[in-house]
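The values are calculated or read from the model by the stated rules, or taken from the named source; none is laboratory data. Fair warning: this is a prediction, and the values are worked out from it, not measured in the lab. Here the Cβ is made from the backbone with ideal geometry for all residues, glycine too, and neighbour counts use every protein chain on show. Heads up: the accessible areas ignore ligands, DNA and RNA and are worked out on the full protein's heavy atoms, side chains in. Shrake-Rupley method; radii C 1.70, N 1.55, O 1.52, S 1.80 Å.
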Amino acid sequence: MNEMQPGIVEWYDGRSILVTGATGFMGKVLLEKLLRACPGVKKIYTIGRAKRGFSPTARMNEMFKLPLFDKLRKENPMAFKKIVAFEGDLMLPNLGLKSEDKKVLIENVSVVFNGAASLRLEAGLKDAINSNTLGTQKILELCREMKQLKAFVHLSTAFCHCEYEVLEEQVYPSPANPEDVIRAVQWMDEQCLDVIQSKVLGPHPNSYTYSKRLAESLVEQYNKYFPVAIARPSIVLPALHEPIPGWVDSLNGPVGVVVAAGKGVIRSMLCGENNYAEVVPVDIAINALIAIAWRRGVTKHDVDDQVPCYNISCNDIERVTWGEVLKKGKQFAYEYPFDAGLWYPNGTIRTNRLTHFIVVFFLQIIPAYLIDFLMLITRNKRFMVRVQNRISVGMEVLQYFTMRSWDFKNKNVKQLTELMNERDKKLFEITNADYDINTYFKDFLLGARQFCMKEPLSSLPRARVNLKRMYYLNVITQIVLGLLGMWLLVRWLDTIRVMLDYSGQTMLRLPVLNMLVPKT
């Protein structure tokens, strides 16, 4: 490391930071780590909407009550006063900011983390472009006016260039002019966009990855105005170490699958068992984001240089297959079961689409309708068909990624650790994280259980008893269904034999066939 460069902690001293998407899964962890690990930060500004009668400031105060912030609350409770929540909306002109709030940002902010995005993979083209591409453009325009900006870090995704099996840490050519696409979705109605969506998306499996790819192109264009960097995390998982092992509050991606499978709702999933799982714990991804801004800030900005990109994924750092993920997931789901499961969790992964469809139809869809029918006749609220429909949409999107393999190069990410001093290497673990995979999967399950499903550890004994009951019920059901199937098969064979006997006697009465039968 160049001894003249300040360490990460020192570089953030006295700086004011803007974080968009601060109330999202990664945004929360980013705020917590900045406040706790970089105590010299002057201010952290956020932009958010009032929601359900709560102002952005009130929403922040409620968010700070989460267990995620317990460690910070204990170590440095005054740090929360550094958060300034401005009311705004990325979809509105000037981001919906008051003129005095906008002036504060322009005069004071020197680091921007752009994490605001719609993560709904099933969203339509208009919604995705407006949230992820147009929203990024408006943030970039605001940044052009900032007088002290040293680093703009755009949070993208490793899958926005999904047609490349090998993804280098570079900006790739855009499939279309982002501004042309933005203008098109502004005047075209949803019906027209639905008709042309598949043509527009091309190789992209959904509008989310497409809109994020266009956003990357916009970020590259603004490199001529101020220093930018692009961070591409892969599938983000619960925290490895900080601030709480297993912390997660989002059911997106694998966490939702684990919960649904653990409760016996998902019985089958399309997934390549030997495909590598491109995943990264959220705290490792956040450490990388903080280091990327530091690296961008201490590096001389030359408009002719390529935009630095960082593929944040386990890749060759610590590779694991989806088959291994399933095996570990099942192991700990049985040891630390979820409460109030629908059925015994013994689903599995498949690559044959026909087999998968048959299993889903008979073991997910039909039971969902039966449960809702029982709810109807008992005058209770129906929910299972709706849940299955949501699961179906989510699984269809996720299975695109689990049925394929990519090779995400991460030389730039590895170099971040090499450039750190010894203190920062420990404080901002990226490629040097020390962990045990069994411990992590245990924390993963318990984190999803506690923080997403609000099921306390005190309910584990009851959940284990329920799991044992479901196991015996599942075995009895399989035996009954097996016997029923054998009985139906026997009855079917008897019916076929009778039909053949009857048809044979009938056919013998035909003159032509009767002549061919030898007489005794």
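Starting from a Cα-only point model with no solvent, please compute log10 I(q)/I(0) by Debye for segment 372-485 at q = 0.11, 0.20, 0.24 1/Å. Calculated log10 I(q)/I(0) at the listed q: -0.79, -1.31, -1.21.
Which GluC sites (Glu not before Pro) in segment 308-411 sit in a loop by DSSP (not H, G, I, E or B) and have at most 15 other Cβ atoms within 10 Å of their own Cβ?
Glu318
In the context of the full set of protein chains, residues of the chain present 51 Å² of accessible surface per residue (probe radius 1.4 Å, heavy atoms only). In loop segments of segment 24-84 as defined by DSSP, the trypsin sites (Lys or Arg not before Pro) with at most 15 further C-beta atoms inside 10 Å of their C-beta are Lys42, Arg52, Lys65. Can you classify segment 311-445 as rounded, prolate or oblate using the Cα gyration tensor, where a ≥ b ≥ c are the square roots of its eigenvalues, rounded means a/c under 1.5, and otherwise it's prolate if a/b beats b/c and oblate if not? Prolate, because a/c is 1.5 or more and a/b exceeds b/c. Per-residue ellipticity at 222 nm for the chain, helices alone: DSSP H runs ≥ 4 residues times -39500 (n - 2.57), over residue total, nearest 500 deg cm²/dmol? So the helix-based figure for the chain works out to -15000 deg cm²/dmol.
Past the 15 angstrom mark, what percentage of all C-alpha to C-alpha distances in segment 211-283 do you count? Cα-Cα pairs in segment 211-283 separated by more than 15 Å: 70 percent. Pairs exceeding 25 Å between alpha-carbon atoms, taken from Lys82/Lys454; Lys28/Lys74; Lys51/Lys102; Lys82/Lys147; Lys147/Lys300; Lys65/Lys468: Lys82/Lys454; Lys65/Lys468. Here's how it looks for Gln170: its modeled amide H is under 5 Å from none belonging to a residue 5 or more places away or on a different chain. Of the accessible area of the chain, computed with a 1.4 Å probe over protein heavy atoms only, carbon and sulfur atoms account for 57 percent.
Can you pull the percent of Cα pairs in segment 62-184 with separation above 21 Å? Beyond 21 Å sits 55 percent of the P(r) for segment 62-184.
Considering only Met26, Gly48, Met78, the residue lying farthest towards the positive end of the dipole of segment 1-159 is Met78, judged by Cα position with unit charges set on Cβ.
Taking a ≥ b ≥ c as the square roots of the eigenvalues of the alpha-carbon gyration tensor, segment 135-226 is classed oblate because a/c is 1.5 or more while a/b is no larger than b/c.
Would you mind pulling out the separation of the Cα centroids of segment 265-297 and segment 341-389, in Å? Computed from Cα coordinates, the inter-centre distance equals 29 Å. Taking the Kirkwood radius as Rh and the Cα radius of gyration as Rg, segment 160-285 has a ratio of Rg/Rh equal to 1.02.
What's the ranking of 246-254, 398-406 by average number of surrounding C-beta atoms within 10 Å, highest first?
Packing order, densest peptide first, comes out as 246-254, 398-406.
Over all pairs of distinct alpha carbons, what does the Kirkwood formula give as the hydrodynamic radius of the chain, in Å? Hydrodynamic radius (Kirkwood, Cα only) of the chain equals 25.7 Å. Per residue, the convex hull spanned by the Cα atoms of segment 369-419 amounts to 111 cubic angstrom. Close amide H contacts of Ser268 (hydrogens built in the peptide plane, cut-off under 5 Å, sequence separation of 5 or more or a different chain): Thr348. Loop-located trypsin sites (Lys or Arg not before Pro) in segment 283-375 (DSSP state not H, G, I, E or B) with no more than 14 neighbouring Cβ atoms inside 10 Å: Lys300, Arg319. Per-residue Karplus couplings for segment 482-492, computed as 6.51 cos²θ - 1.76 cosθ + 1.60 with θ equal to phi - 60°, are listed in order as x, 5, 4, x, 5, 5, 5, 5, 4, 4, 5 Hz, Gly and Pro entered as x.
Model label sites at Leu419 and Lys381, defined 7 Å from Cα along the beta-carbon direction, differ in position by 5.1 nm.
Computed over the alpha-carbon pairs of segment 20-100, the distance histogram in 5 Å steps reads 3, 14, 26, 25, 16, 9, 4, 1 percent, short to long.
Across segment 140-227, Cα pairs under 8 Å and at least six residues apart give a relative contact order of 55 percent.
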